[in-house]
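The structure under discussion appears below in the form of structure tokens.
The values are calculated or read from the model by the stated rules, or taken from the named source; none is laboratory data. Everything numeric here is computed off the predicted structure, so don't read it as measured data. Reconstructed Cβ throughout: ideal geometry from the backbone, glycine too, with neighbour counts over all protein chains shown. Note: areas computed on protein heavy atoms with side chains; ligands, DNA, RNA excluded. Shrake-Rupley method; radii C 1.70, N 1.55, O 1.52, S 1.80 Å.
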Amino acid sequence: MANLDTISRTSVVGSGYMGGGIAHVLALAGYPVALADVDAATAEKSRDRLITQAAQYESLGLFPADAAAAIADKLSAAPSIEHAVSDADYITEAVPEIVDVKLETLRRISGSARPEAIIGTNTSAIPIDELAKEVHEPSRFLGVHWMNPATFIPGVELIASTYTDAETVDVAELFVRSLGKITARVADAPGFVANRLQFALYKEALAIVEEGTATPEQVDAVVSNTFGFRLALFGPFAIGDMAGLDVYKGAYETLEQAFGERFAVPEVLTTLVEQGRLGVKSGRGLLDIAESDKDALLAYRDNAYGRLSALRADLGPAPGL
Ligand SMILES: NC(=O)C1=CN([C@@H]2O[C@H](COP(=O)(O)OP(=O)(O)OC[C@H]3O[C@@H](n4cnc5c(N)ncnc54)[C@H](O)[C@@H]3O)[C@@H](O)[C@H]2O)C=CC1
Ligand SMILES: O=C(O)[C@@H](O)C(=O)[C@H](O)[C@@H](O)CO
């Protein structure tokens, strides 16, 4: 049975944007965090930066009282990668998204870490199987994809490679959840789920701008105030089931006429509509939402959207955007 008894000391290799945020979360949870970077001086500067940032977050009420002192107590700057990982039980790799840099770093990490130490790479899109080839004892290696900024985004993707031991995934999931994060296990495909979808959207948004349909500012306003607003609370399939898959099918037919194969009506959608599985309005859609939950779900939705609108009104517009 997976448990956290085996994790007491952690290390973050690559103490930049993501590694720094992950180090904040680990330190706030009470774990010693050994920071490593390109050299000792950079690791030391990162430690200073993270303590200063923690004090700022604390003053803003984003971190608990005394967070900066607690983080200062837990963060250390290691003289080397090898030194940082030598006695760590859980190691985060967060060096730049350059395959050769990651492979070399993972070779160094896994060559110096204890064989039972778990190593999680924060890669955005590189298949874990590809990175595993340079990892000594790859059964303890997996993708642990935190989102930017790691401190405040709740979701973390967990990606096992062909070599990852099931126990490793279980312990990593238990650990990341114990840090207050929401984990999702996904298969080892390039971009996993988050970036595969995020970058598909981004490319279509660029096409909209390039063809003159909207400016970048208009695209951002539409997305953040329409379906992006909904995505803060529900995923695309829940949203589709609440909208009505017959409506989705009709919209795809229009888009297919305009844009061709790229927007062809998905076969699964045609099948569901033919079966009368339109979503909440017909009892079932792509998801198995129980009929008995329908009213409560829609009531939850309306309340959540109303409260999210109030929060956004309270926050006001983002400066400069
Ligand atoms: N920035 C983002 O929005 C997100 C990035 N990621 C992924 O996280 C990883 C890190 O990205 P960022 O934090 O944005 O990069 P970053 O550039 O902010 O930080 C990378 C850190 O690694 C250090 N570094 C570079 N080469 C090194 C080496 N050979 N050994 C040790 N340290 C080295 C750098 O000095 C820097 O401190 C990448 O794989 C990236 O794709 C994942 C989610 C979001
Ligand atoms: O957006 C995020 O935080 C993650 O999905 C990422 O990995 C980033 O997109 C990164 O790839 C570039 O910011």
Residue match in the range 100-108 (condition: within 16 Å of ligand 2 (Cβ to nearest atom) and not aromatic (F, W, Y)) = yes
State all residues of the range 152-162 that are assigned to a loop (DSSP other than H, G, I, E, B) and either surrounded by 15 or more Cβ atoms within 10 Å (Cβ to Cβ) or within 16 Å of ligand 1 (Cβ to nearest atom) (or both); if no residue qualifies, say none.
-> F152, I153, P154, S161
Pair list, Cβ < 7 Å and 6+ apart or interchain, from the range 34-45 residues that are assigned by TED's automatic domain parsing to the domain that holds D89 to residues that are open to solvent by 40 Å² or more (accessible area, probe 1.4 Å) and assigned to a helix (DSSP H, G or I) | L35/R47
Could you tell me whether the range 259-281 includes any residue that is open to solvent by 40 Å² or more (accessible area, probe 1.4 Å), polar (S, T, N, Q) and either closer than 20 Å to E204 by Cα or in contact (Cβ under 8 Å) with a residue 24 or more places away in the chain (or both)?
-> no
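For the condition open to solvent by 10 Å² or more (accessible area, probe 1.4 Å), more than 23 Å from the chain's Cα centre (by Cα), more than 19 Å from K133 (Cβ to Cβ) and within 14 Å of ligand 1 (Cβ to nearest atom), what is the one hit in A65, A84, A69, A77? Steps first, please.
Working: A65 fails: within 14 Å of ligand 1 (Cβ to nearest atom); A84 fails: open to solvent by 10 Å² or more (accessible area, probe 1.4 Å); A69 fails: within 14 Å of ligand 1 (Cβ to nearest atom).
Residue meeting the stated conditions: A77.
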Restricting attention to the range 98-151, which residues are part of a loop (DSSP other than H, G, I, E, B), within 14 Å of ligand 1 (Cβ to nearest atom) and either open to solvent by less than 10 Å² (accessible area, probe 1.4 Å) or on the phi > 0 side of the Ramachandran plot (or both)?
-> T123, A150
Subset of the range 11-29 [part of a loop (DSSP other than H, G, I, E, B) and away from ligand 2 (no atom under 14 Å from the Cβ)] = S15, A29
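If only one of D89, D165, D170 is away from ligand 1 (no atom under 14 Å from the Cβ), in the same structural domain as G16 (by TED's automatic domain parsing) and surrounded by 20 or more Cβ atoms within 10 Å (Cβ to Cβ), which one is it?
It is D89.
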Show the residue pairs that are 6+ apart or on different chains and have beta-carbon atoms under 7 Å apart, the first residue being within the range 150-175 and free of Cβ contacts under 8 Å to residues at least 12 places away in the same chain, the second being not in a helix (DSSP H, G or I).
-> I153/M147
Across the range 282-292, what is the number of residues that are out of contact with any Lys or Arg (no Cβ under 7 Å at 6 or more places or on another chain) and either of a type in the set (G, A, S) or surrounded by 12 or more Cβ atoms within 10 Å (Cβ to Cβ) (or both)?
-> 7
Looking only at the range 53-62, which residues are out of contact with any His (no Cβ under 7 Å at 6 or more places or on another chain), assigned to a helix (DSSP H, G or I) and open to solvent by less than 80 Å² (accessible area, probe 1.4 Å)?
-> Q53, A55, Y57, E58
